[in-house]
Amino acid sequence: SLLLAFVLAPAAVHPTEARADNPIVQHVYTADPAPLVHDGRVYLYTGHDEDNSTNYTMKEWRVWSSADMVNWTDHGSPLSVASFSWASANAWAGQVVGRNGKFYWYVPTTERATGRMAIGVAVSDSPTGPFRDALGHPLVGNGEIDPTVFIDDDGQAYLYWGNPNLWYVRLNADMISYSGSPAKIPLTTAGFGTRTGDPNRPTLFEEGPWVYKRGGLYYIVYAAKCCSEFIAYSTAPGPTGPWTYRGTIMPTQGSSFTNHPGIVDFKGNSYFFYHNGALPGGSGYTRSVGVEKFSYNPDGTIPTINMTST
Ligand code: FUB
């Protein structure tokens, strides 16, 4: 009947629907959310926690998408550790950006030759993949993790990453190479807050940076103070600083000792993505991604955002 066709059609188009409630995905553990708005949809890139071992079992990245922030489509895993011939383990926190009709996915993973983390870049013609290794070798080596990518209004692209240091480099227009040497962003307490109890880490910055621009202000949002991380942020008048610490966005909550931010504006609303251990069996190694709608304060500052499900 017509009615039956109407009811069945969305299921046929979207084989797996996740729920509107938090966590967004409820049938597998997900971590390290990185949202991308493209062509009327939000694409959500995540990692996949496969068991609760104490060293992360993460072999692949996953993609989900939504046109309404309620119904989510499962696009499977178009990128994995095996996609990089030089990698051996650890599909950690990455981010995708679109440029020139292509999509570039920057990801940290273990380099087999060194046994250390390195940042690779994969490319696709579609936000849902398939993605292939763009280089055949890491873009950034030396134990580095957690890349975030940002393209400024003038077309200059920047890649930021790091733990314990915070680095950036100017990407070339091809998005798979860079000019100059990576630079360390000075981790001053004015820029990144004050951490007590660890003389080696005087500021709150831990990992998981997320950089974007809104209303002429540059934001860097990040996981603060391992190992019951909260989410904090800093702002700057330009993409390379100087950064000013602005405080906590999401306090330490839930049963995951890490958290990881991703922020987008979509169809007139602002959304804050994060992870916790809210699914049954959830923990620091079996995490799940949630999202909260929020409004910026008139001066551009970000209000405190609490997890709706922990
Ligand atoms: O998921 C593995 C690592 O834990 C990520 O790279 C960090 O941001 C933290 O979430």
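Quick one: net charge around Ala93, please, counting Lys, Arg +1 and Asp, Glu -1 for every other residue with C-beta under 9 Å from its C-beta.
-3
What is the Cα convex hull volume of the range 204-259 when expressed per residue in Å³?
Working: hull volume 3.8 nm³, N = 56.
Cα convex hull per residue, to the nearest whole number: 69 Å³.
Please label the shape of the range 11-139 as rounded, prolate or oblate, based on the square roots a ≥ b ≥ c of the eigenvalues of the alpha-carbon gyration tensor (a/c under 1.5 means rounded; beyond that, a/b larger than b/c means prolate, else oblate).
It is oblate, given that a/c is not under 1.5 and a/b is not larger than b/c.
Convex hull volume of the Cα atoms in the range 173-212, per residue, in Å³?
Details: hull volume 4.6 nm³, N = 40.
For the range 173-212, the hull spanned by Cα atoms encloses 116 Å³ per residue.
Summing +1 for each Lys or Arg and -1 for each Asp or Glu, what net charge is found among the other residues whose Cβ lies under 11 Å from the Cβ of Ala118?
Charge balance near Ala118 sits at 0.
Can you give the translational diffusion coefficient of the range 112-163 in µm²/s, computed by Stokes-Einstein from the Kirkwood radius over Cα pairs at 37 °C and 0.692 mPa s?
Answer, rounded: 262 µm²/s.
Using only the alpha carbons of the range 161-310, determine the length spanned along each of the three principal axes and report them from longest to shortest in whole angstroms.
47, 42, 32
Each residue of the range 188-196 in order: what ³J(HN,Hα) in whole Hz does its phi give by Karplus 6.51 cos²θ - 1.76 cosθ + 1.60, θ = phi - 60°, with x for Gly and Pro?
Values per residue, Gly and Pro as x: 8, 5, 5, x, 9, x, 10, 9, 9 Hz.
What is the pair-distance distribution P(r) of the range 139-240, computed from all Cα-Cα distances in 10 Å bins starting at 0, with each bin given as a whole percent?
Calculated P(r), rounded to whole percents: 15, 48, 30, 7, 0.
Which whole number in µm²/s is D for the range 82-168 by Stokes-Einstein, with the Kirkwood Rh taken over Cα pairs at 4 °C and 1.567 mPa s?
99
With a 10 Å Cβ neighbour count serving as the proxy for reagent exposure, in which order, fewest first, do Trp92, Trp86, Trp210 appear?
Values: Trp92 24, Trp86 18, Trp210 28.
Ranking Trp92, Trp86, Trp210 by Cβ neighbours within 10 Å, fewest first, gives Trp86, Trp92, Trp210.
From the backbone phi of the range 48-61, what are the Karplus-calculated ³J(HN,Hα) couplings (6.51 cos²θ - 1.76 cosθ + 1.60, θ = phi - 60°) in whole Hz, Gly and Pro given as x?
Values per residue, Gly and Pro as x: 9, 7, 9, 7, 9, 4, 8, 10, 6, 10, 9, 10, 8, 10 Hz.
Which translational diffusion coefficient, to the nearest whole µm²/s, is obtained for the chain from the Stokes-Einstein equation, given a Kirkwood hydrodynamic radius over C-alpha pairs, 20 °C and 1.002 mPa s?
For the chosen part, D equals 110 µm²/s.
Taking amide H positions as placed in the peptide plane 1.01 Å from N, state which residues far from Tyr285 in sequence (5 or more) or on other chains have amide H under 5 Å from it.
So Tyr285 has HN proximity to no qualifying residue.
Using each residue's phi in the range 83-97, evaluate 6.51 cos²θ - 1.76 cosθ + 1.60 at θ = phi - 60° and report the 3J(HN,Hα) Karplus result to the nearest Hz, with x for Gly and Pro.
Once rounded to whole Hz, the list reads 5, 10, 4, 8, 9, 10, 5, 6, 8, 8, 6, x, 8, 10, 9.
State log₁₀ I(q)/I(0) for the range 228-302 at q = 0.14, 0.17, 0.23 Å⁻¹ as given by the Debye formula over alpha-carbon point scatterers of equal weight, solvent excluded.
So the normalised log intensities work out to -0.53, -0.74, -1.08.
Apply the a/c threshold of 1.5 to the C-alpha gyration tensor of the range 263-303 and tell me whether it is rounded, prolate or oblate.
It is prolate, given that a/c is not under 1.5 and a/b is the larger ratio.
Bear in mind that the values in this text are calculations on the coordinates, not laboratory data. Remember, it's a predicted structure, so these values are computed and weren't measured experimentally. With ideal geometry, Cβ positions are generated from the backbone for all residues, glycine too; neighbour counts draw on all protein chains shown.
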